[in-house]
């Protein structure tokens with residue numbers, strides 16, 4: 001197989017393009033990079049398409065998604081998101097909210113020093 005780049009095209013609605021553009025600008029990546037990431041995740045088995053809907057094959061912290069591998073943190077998040085399901089919110093909105101939570105965690109992690117230093121983690125009073 002050749003390492004030459006191939007160009008593909010797809011027609012999408014203006015609304016979808018606007019969402020894609022907003023996502024790419026929020027995460028500071030190009031639209032092409034977002035599409036490449038999606039394709040790679042799909043081909044690597046990280047996400048799956050089931051009945052026309054996207055489904056994560058692996059949860060964001062690397063555990064296989066299944067009923068018997070629930071974590072306490074995951075259960076707490078799901079309990080809160082269940083309130084949205086009860087209000088009739090679609091799963092795609094709930095999935096977007098999960099992604100926002102993870103993006104927030106990622107950004108907080110990036111703000112922390114690369115290596116833990118207990119001296120830097122003291123509170124303001126120096127205790």
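Readers should treat all values here as calculations from the given coordinates under stated rules, not as data from a laboratory. From a predicted model like this one, the values you see are computed outputs, not experimental measurements. A quick note on method: Cβ atoms are made from the backbone with ideal geometry, for glycine too, and the neighbour counts reach across all protein chains shown.
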Q. What does the convex hull of the alpha-carbon atoms of segment 1-53 project to on average, in nm²?
A. 5.1 nm²
Q. How do 31, 47, 12 rank when sorted from fewest to most other Cβ atoms within 10 Å of their own Cβ?
A. 12, 31, 47
Q) Arranged by the count of other C-beta atoms within 10 angstrom, fewest first, what order do 21, 14 take? A) 14, 21
Q. What ranking of 3, 78 emerges when the number of other C-beta atoms within 10 Å of each C-beta is taken as an exposure proxy, fewest first?
A. 3, 78
